[in-house]
Every structure is written in C-alpha cells, then in structure tokens.
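For reference, the structure is listed below as structure tokens.
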Amino acid sequence: MEMKHRSFLNGLPGVEIWVFVHFGSFCILPSPYGISKVLELLQWVADIGVKSVCLYDPEGVLKKNKEPIMQRFSSANLSEEAAVNGRLVTRRNLTLEFVSFEDGKEAVAKAANYLFVKHYANGTKEKSDFTEPQMAEALGAIGSGGADPDLLLIYGPTRCHLGFPAWRLRYTEIVHMGPLKSMSYGSLVKAIFKYTMVHQNYETTDALVAVPSCGQKFETSFHPPPFGIKENYHVIHLHFHLFTLFGEFNLMKNGS
Amino acid sequence: MTKKIGDQAGKMFEYFGSFLRKCIFSVLSVGPVPDHIAFIMDGNRRYAKKRNLLDGAGHRSGYLALMNMLKYCYELGVKYATIYAFSIDNFRRRPEEVQSTMQLILEKIEDLIKEESMVNQYGVRIYFLGSLKLLSKPVRLAAERAMVATSGNSKSVLSICLAYTSSDEILHAVQECCGEKWDEGSALESKGAGNGLVFLKGNENGKIKPSIVVKDLEKHMYAAVAPDPDIIIRTSGETRLSNFLLWQSANCLLYAPPILWPEIGLWHLIWAVLDFQRNFSYLKEKTKLS
C-alpha cells in the first residue's frame, strides 16, 4: 500500500514521504497492567502504519477477553483532511490475531494428526518425508497458520518468548522492550528502526520501507516517525511483520 | 632456559586462573546454576575480517573460544551444553566455504575424541543432533565414531547440532510419530484387534484414530537427549534464534551479548548466569504453568 504525505519534520517543509507498508502483524504478549496499556500500544502501532496485529498471551487471557480491543479498533478510517494536513493517516481498523500457548506445541501435535490422516488414510504408508510446505498447510488447516513475524517485541520482565509458536519463530528478531508499564513510543520506534538496519538472511520482498540513514534521530512525541524520505535515504525491502509479547497479563487484577 | 621459565610462568598463570575461577564459581553456586546452556556461535567470519585473518582462521579462533566456554560450563556445574555448529541453511553458502567448514569440523571431531582432550578430562558424552544424512560420509562417520567413543562418559553432555534446524527437527519428529502410529496400527490390524483403526482404500473416510500428542513428538526430537535449555547465548548482538531449539526454548532466557564469538570469555558466561539467577523465579513459574 502506498501513501504519500507532506513532511511533518521540522526544517524539512515540502519533502514528500513515501511509505510502502506491508500489512504486517504485530504480536503482543500482555503484562499485569491491564488492557488499557495494550490499547495504548496498539494505537501507537496503528499510528506507525502496521495494519494487522497479533496478540500473544501464553495463558490465553486476551483471547477470552478480546471484545474491548476489537471494539476499539473496528472504527472507520479518518477523513482525507488528516492526510492533506501532513500527518500519516491513523488506521483504526486493525486486523487482530489472538495467539496463546496452545497454538504452539499443541497445534503441532494436531497438525501431525492431520498429516497422519491425510497421508496414511489410504491404507498405505507413504515413503517420502513431510516437507515444510506440507507442515505449514497442516497448521493452516487446523487454524494455527499465519505468517512468520520478522520482529517480536517482548514486553515483560525478561527476554524469553514463553512458548510462542516455534514454527513461526524461525528467523524472527526478538527484542526485549522491558515491562509494559515502562513502555514508550520512542522505544517502540527505536526497536522498529533498529530492525530495519538488520541484515536478514532470507529473501522477502513483501514490503518496502524507506528508512533514514545513520544519525537521524526520531522524535519521541506522538507524531508519526519519519518513515521514509525519498531523497538521500536508504530504501530496503522488508517483510514487515511485527509481534510483541507480554510477560503476563491479568485482566481481573486491573479491572479494564 | 628462557623457554623453561616461560613454560613455568604459563603453568603458574593457568593454576592461578583456575583457582580464581573456582572461587568465582563457588560464589555463583550459592544461587541456582543453569543445568543446560546452549550457544549460537555467531561472528567467526566477521572476527576474521576484523582482524585481517585468512579464511577459516575465524572459525579456528572460534573453536578455541568454544573449548574455553565448555570448560567453564563444566567447572561451574552446568551438565548439558549444546552448540549450533552448522545449520542446514549454511549449506547454501559458497561451496568452498562449506567444504572448508566441513574440513574443520572433521578435524575437530577427531581432536575431541583423543585421549587427552577436554572431553575425556570432564567425562563428556557427545551427541550429534541433526539430519546427519546430509553430511558427507567422512564427517558422518567421524561423528558416529565420536558418539561411540564417548558413550561411556556420564558426567556431562555436549550436543553438537550439525545439519540442524528446528523446523527439520519438528518435521522429523512428526514423521517418526506418524510412522510409529502406523506401525502400531498395522500390528493391531494383523492381530485382528484393530481397535477402530481401519485403513480404508480409495476416497472413503477412514476410521483412523489420530492419537499423536506433544509427548510423542518430544520423544522424537533430536534434542531429547538433554532437558530444555535454561539459557541460549547468541553472540554478535544478533537477536534471532535462526531456527535453533525453537521447540525447546519456550521458557529459556535469551542472552545476546554484542561481541563476536571468538571474543567471548568468562565474564560473559558469569553475566549470563547472573541474569538467569535474577529471573529464575519468573522462568520457573512459567515452566510450571506450561
């Protein structure tokens, strides 16, 4: 998706910003500070331009209590005036995915059963080994498919992925963001920017994000980050899937 | 004469270093000590480039660093160590680089099973994890020899992931489970006690009772020879796991020091263990919940 905006950067009036953003997914693992923090984080993510979000909660609490999040992010797009005024359009209609621990190892066991039924049901044992595409297809068939994240942001006390589906974690950059209570827009933007500078060892051309060259500092206010100025900046291809993890989540403790 | 003095000085320095390590490890052992540490040895080529070394020299420096790290782990009381020696993805590198790496691996496997090596000194049993059929015959045979030669050791375990990826490991486990269930079903069918396990031909719906559970898969994982890792250390500051122990690392501390693998030292291990001790209660709680 292509968006063209006037620059909002101080001292750079009139520079056009070209941002191509893949409909990436952003995975969030909750911490014990309630859904309000999750909503705030999702809002920042939406402001950055991510289109779909994956929420990971090992205990499945968010999965069972997803209504407040769904309600908040199901409203229509902002008017065209917002785009003309030079701000990135804030998308509120995020595609949300809710993942829990049972979508990890249990899902692989179910996929194994699916493959067994599919390939052994005709009464003969097939000699060829299963392939990764077959496994991916099986996971999709049982409802635990999904894209591999490129970036996993962990909001919690420690850098640990807590059982995020192994099949989807193969080449994911895993970044520890600290506790959710200390989350900041600046650190979110910094993590994404740092990710864009990483050399990935596999080919993905689903998205193109123009990023500033070295030395550029992002603003830490709530203005959208300078994702891409056409002249004098590096343009790289990214498969822009973001996931964040929370260490733990307790809706009951925090009301919400 | 000068050489003798130099040798003696070197020995004294080594004894002093060993004594100092014992003191440090005694203090560390007051807290929980990880049972299993895994290493992704990233940065050998960059180290060689940084130091203007010849091709392959980075990997040789990396091997020395590995031997030191393993020695420190076993001295500390870490029973299991796993290293990511060669990924299936690495076969995509330039053929001459793959060949050179395989040659080094072959050479070092032979060194490991020598009588005077660290492996025998610390009673280490070696396992090679991965799709070994992808390796050349000399390397595969050397790996098998090493596993047989150290099968009598029982103090510690070293798992060397060779031609390994987690996705291949998971697929292998799924394949083995399906084969096992098929064999069980066929055996029951032949005895006339199908138990509802009917293999129908053509397009009819079978009455096959799929019964593969997580425990069955874990039994067939390559890494089933060791418990899940407590810490995974990846050097070079890279934050991804690159298809390493993804299944086993659910409640594992991920530590990514920003140094190249040949530069890793005792202090990085100490720091990782302190970080593990600091988060021990949290990780233990998460392990219980899962």
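Coordinate-derived values only; no laboratory data. Computed from a predicted structure; not experimentally measured. Every residue, glycine as well, gets a Cβ built from its backbone with ideal geometry; the counts of neighbours run over all protein chains shown.
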Subject >> residue A:118-residue B:64 FRET efficiency (beta carbon distance; Förster radius 35 Å; 0.05 resolution) >> reply: 0.10
Original post:
At q = 0.06, 0.13, 0.16 Å⁻¹, what is the log10 ratio I(q)/I(0) for chain B, with the Debye formula run over Cα points and no solvent?
Top reply: -0.25, -0.99, -1.37
Original post:
In percent, how large is the relative contact order of chain B, given Cα pairs closer than 8 Å and 6 or more residues apart?
Top reply: 24
Subject >> Theoretical FRET efficiency, 1/(1+(r/R0)^6), r = Cβ-Cβ of residue B:107 and residue A:64, R0 35 Å, to 0.05 >> reply: 0.05
**OP:** Could you run the Karplus curve 6.51 cos²θ - 1.76 cosθ + 1.60 with θ = phi - 60° over the range B:41-52 and give me ³J(HN,Hα) per residue in whole Hz, x for Gly and Pro?
**Re:** 8, 9, x, 5, 5, 5, 4, 4, 5, 4, 9, 6
Original post:
Can you sort B:23, B:252 by how many other beta carbons sit within 10 Å, fewest first?
Top reply: B:23, B:252
Subject >> Potential extension, residue B:274-residue B:191 segment - 0.36 nm per residue separation minus Cα distance >> reply: 24.1 nm
**OP:** Calculate for chain B the 222 nm mean residue ellipticity that helices alone would give, adding -39,500 (n - 2.57) per DSSP H run of length 4 or more and normalising by residue count, nearest 500 deg cm²/dmol.
**Re:** -16000 deg cm²/dmol
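What whole-number volume per residue, in cubic angstrom, does the convex hull of the C-alpha atoms of the range B:1-148 give?
156
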